[in-house]
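Everything below concerns the one structure shown next.
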Amino acid sequence: MPNSSISSQWHQPGFYGPVTATLDWCEANYQFSYYIAEMANSFSNLFTISLAVCGALAAASQSLPTRYVAGYTGIALVGIGSFAFHATLLFEAQLADELPMIYVGSMSLWFLFDDRPGYRHSWWHIFTGAGTYYMFSGIQYL
């Protein structure tokens with residue numbers, strides 16, 4: 001028997017249709033808006049996006065290597081994907097949330113060990129290794 005203490009209006013699908021994501025967090029769905037499934041989880045990502053944009057602008061204005069702007073841009077994409085996921089609770093948006101986390105996390109590890117100015121690595125090694133990793137990490141979602 002469903003929990004009778006929770007209003008039946010919270011179980012109604014929102015603007016984007018029924019929930020298709022494999023995860024549904026502890027926040028009540030569509031409690032405050034018909035258009036946003038998880039209000040707090042969605043809007044908390046605006047802070048991440050803002051910091052990433054500020055970081056990218058600061059890195060560009062200080063003429064830092066492009067990898068810093070790319071890193072901040074990746075963090076902004078994680079925030080945008082997470083906002084989309086928590087706002088819609090659709091499986092496609094869940095992929096837009098989780099996959100950039102994997103990609104940006106591995107890119108950040110590479111930046112950690114890349115201490116030379118500019119890019120002086122053999123690009124085909126990087127693309128082959130990263131492409132293989134991304135392919136196998138992305139296939140698990142199919």
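The values are calculated or read from the model by the stated rules, or taken from the named source; none is laboratory data. On a predicted model such as this, the values are computed, not experimentally measured, just so you know. Reconstructed Cβ throughout: ideal geometry from the backbone, glycine too, with neighbour counts over all protein chains shown. Only protein heavy atoms, including side chains, enter the accessible area calculation; ligands, DNA and RNA are left aside. Shrake-Rupley method; radii C 1.70, N 1.55, O 1.52, S 1.80 Å.
Applying the condition of being of a type in the set (Phe, Trp, Tyr) and in a loop (DSSP other than H, G, I, E, B) to the range 3-51 and asking which residue is modelled with the lowest pLDDT yields Trp25. Residues in the range 42-51 that are of a type outside the set (A, V, I, L, M) and loosely packed, with under 14 Cβ neighbours inside 10 Å: 3 in all.
If the condition is being open to solvent by less than 60 Å² (accessible area, probe 1.4 Å) and out of contact with any Asp or Glu (no Cβ under 9 Å at 6 or more places or on another chain), then the range 22-41 contributes Ser33, Ile36. Within the range 105-127, does at least one residue satisfy the condition of being at pLDDT 85 or above and either farther than 29 Å from Pro18 by Cβ or assigned to a helix (DSSP H, G or I) (or both)? The answer is no, given that none of the residues of the range 105-127 is at pLDDT 85 or above and either farther than 29 Å from Pro18 by Cβ or assigned to a helix (DSSP H, G or I) (or both).
If we keep just the residues of the range 52-66 that are part of a helix (DSSP H, G or I) and either out of contact with any Gly (no Cβ under 9 Å at 6 or more places or on another chain) or open to solvent by 70 Å² or more (accessible area, probe 1.4 Å) (or both), which is modelled with the lowest pLDDT? So that I can check it myself, show each step before the final result.
Let us first name the residues in the range 52-66 that are part of a helix (DSSP H, G or I), namely 52-61, 66.
Narrowing further to those that are either out of contact with any Gly (no Cβ under 9 Å at 6 or more places or on another chain) or open to solvent by 70 Å² or more (accessible area, probe 1.4 Å) (or both): 53-54, 57-58, 60-61, 66.
Values: Val53: 96, Cys54: 96, Leu57: 96, Ala58: 95, Ala60: 94, Ser61: 95, Thr66: 83.
Among residues in the range 52-66 that are part of a helix (DSSP H, G or I) and either out of contact with any Gly (no Cβ under 9 Å at 6 or more places or on another chain) or open to solvent by 70 Å² or more (accessible area, probe 1.4 Å) (or both), the one modelled with the lowest pLDDT is Thr66.
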